Amino acid sequence: MIPANCRSRAVSPGSDAAAVTRLDPWNDAQRLPGLSPAARQRLKHLLDQPSAPRFRNRSGHHLQPDDLKALNDYVERETATGISPVATRNAWLPAFLRRSFATVPFYRDYAIGETLRCGMPALQDIPTISRADLSRDITRFVPDDLPLEAVIAYETSGTTGHPLQIPSHPRVAARYSGFHKKALRWNGVDPDTFTSDLAVVLAGFQEHCFTYASICPYLNHKGLVKLNFHPRDWRHPDDRQAYLDANRPDLISGDPVSLAALAAIPFRHQPRAVLSTSMTLLEGTAKQLQQRFGCPVIDLYSLNEVGPVGCSVAGKPGFRLLQSCLLVEILDADGLPVACGERGEVTVTGGFNDYLPLVRYRTGDFARLLADAEADGGACDEAGHWLLVDLEGRPPVRFRTRAGAWLNNVDITHALQPFALSCFALHQQADGGLRLQLAALGPAREVQARLERLLGYPVSVSTLPASSQGQKHIQYTSALAAATP
């Protein structure tokens, strides 16, 4: 449902493109081709209201009529296709691998490439890759035969020290909407019944934030706005609730930090759904947001390199897999598949981004994979929906108790589930003491007491720097030599 709208290209003064940027946004045919008179007026209204924020940037869908038709066809196919992590059940996989080894410079260097051209090897015989491989030269992962005129790039810093620019395309960016609509329907929300002129609010809460207003033709030509709810982006703090109550967005999306800040603003409107992205959403936070907004709160597991991988579904554990052409494996440290239901590194092949085909990409996230029926005692290889459970970002870290026992970081997460923590980081020092950083100190004493009872060591609590609260953190770290199993 939420498109990743395309940011503007840099332009030089005096160029034709620079002249376009001086146009009123509702007349910007470069970023927003095909605007109808009604859509122009809708966009103008979003920008011109007395309570409107200071929109600091511009963005648009950049889609032509043939792009929109291709998008509709893609969403229809995606909606009708099943999902399985069993390689032999994915009819698209052989053709995807052959194309990747034939057209992608990085994969052509594999010695196994010639074998693949003669016949498909077992998936586990193909080497794995990581973010470090992408960061060395991302251009070597772009297929040779794709047009480059409309390529866009998304900057991502990540948490591993390997910054990336992800190659993409307006068609690819628009495909996000299909997966978000699927997640909404799985949670009892029908996006076809949305009625507001403002379909989506992307919520941020940062000192500096990319903000814009746009119109999306694949959202029935309704509005999409990226808003920074930090007071510095508004003429008056009260304008934030006035703008939301006046425009009544159907869907609000943001990370837990932004959503927690939004929940403190006293607007009355209740959206149809809230999507939480980018960071761990604890159960206590989700319940608090559900009570505040009066609608389903859907947790989305998504990666910049891959897009939406899975979403929460009411009554189910973890994340239900979303993409029909994304094969998810769970691997051990040697790159071998673990037994069904065991914990390992989430590794993906395929995906919806034609400009970044991934073959056995190790995400750096760890989880267990279960068939939907497994939660009710079914078999792991049963057809149907699949769930990623006990998902944690980055390698597993153990925490030592004062009694000398070791606890997995998943146990720590389970202990913290009842608390409404939007963002946190926990570090165990060499002497066993613990340092907890929180985005806000609201339940600090209760959290501190819970951890001290669980681990037996003193816990110091401080606030995460405000400048870092909108970023994805490595939640669990340790100075103990045996902390990484």
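The values are calculated or read from the model by the stated rules, or taken from the named source; none is laboratory data. Since the model is a prediction, treat every value here as computed from it, not as a measurement. Glycine gets a Cβ as well: all are built from the backbone with ideal geometry, and neighbour counts include every protein chain shown. Keep in mind that these areas ignore ligands, DNA and RNA; they rest on the heavy atoms of the full protein, side chains included. Shrake-Rupley method; radii C 1.70, N 1.55, O 1.52, S 1.80 Å.
With the requirement that a residue be closer than 23 Å to D255 by Cβ, at pLDDT 85 or above and open to solvent by 20 Å² or more (accessible area, probe 1.4 Å), what does the stretch 415-439 give you? Scanning the stretch 415-439 gives P418, F419, H427, R435, Q437.
When the stretch 267-297 is limited to residues that are touching a residue at least 40 places away in the same chain (Cβ under 8 Å) and of a type in the set (S, T, Y), the one that is nearest to D255 (Cα to Cα) turns out to be S278. Residues that are of a type in the set (S, T, N, Q), at pLDDT below 80 and under 30 Å from F205 (Cα atoms) were ranked within the stretch 440-485; the one that is surrounded by the fewest Cβ atoms within 10 Å (Cβ to Cβ) is S467.
The rows are residues; the columns are (1) open to solvent by less than 20 Å² (accessible area, probe 1.4 Å); (2) within 22 Å of D197 (Cα to Cα); (3) assigned to a helix (DSSP H, G or I).
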| residue | (1), (2), (3) |
| --- | --- |
| P237 | no, no, no |
| L244 | yes, yes, yes |
| P249 | yes, yes, no |
| P271 | yes, yes, no |
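Can you name the residue in the stretch 41-64 that is in contact with a strand residue (DSSP E or B) (Cβ under 8 Å, 6 or more places away or on another chain) and not in a loop (DSSP other than H, G, I, E, B) and is also farthest from C216 (Cα to Cα) among such residues? Here the answer is L47.
Scan the strands (runs of 3 or more DSSP E) fully inside the stretch 389-448 and keep the ones with 2 or more residues being under 28 Å from T347 (Cβ atoms) and in contact with a helix residue (DSSP H, G or I) (Cβ under 6 Å, 6 or more places away or on another chain). Give the steps one after another, and end with the answer.
Details: elements: 398-400, 406-408, 424-428, 434-438.
Because the criterion is at least 2 residues that are under 28 Å from T347 (Cβ atoms) and in contact with a helix residue (DSSP H, G or I) (Cβ under 6 Å, 6 or more places away or on another chain), no strands (runs of 3 or more DSSP E) in the stretch 389-448 meet it.
Filtering the stretch 67-94 down to residues that are assigned to a helix (DSSP H, G or I) and under 10 Å from S324 (Cα atoms), which residue is modelled with the lowest pLDDT?
A80
Here is a yes/no grid of residues against (1) aromatic (F, W, Y); (2) buried (at least 19 other Cβ atoms within 10 Å of the Cβ); (3) at pLDDT 95 or above:
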site	(1), (2), (3)
C325	no, no, no
L331	no, no, yes
P337	no, no, no
E342	no, no, no
V346	no, yes, yes
L370	no, yes, no
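Given the options L262, L275, L281, name the one that is within 27 Å of L46 (Cα to Cα) and not in a strand (DSSP E or B). That would be L262, the only listed residue that is within 27 Å of L46 (Cα to Cα) and not in a strand (DSSP E or B).
What strands (runs of 3 or more DSSP E) lie completely within the stretch 147-228 and have 1 or more residues being at pLDDT below 90, aliphatic (A, V, I, L, M) and within 25 Å of T103 (Cβ to Cβ)?
Working: elements: 152-156, 164-168, 198-204, 212-216, 222-228.
Of the strands (runs of 3 or more DSSP E) lying wholly inside the stretch 147-228, those with at least 1 residues that are at pLDDT below 90, aliphatic (A, V, I, L, M) and within 25 Å of T103 (Cβ to Cβ) span 152-156, 164-168.
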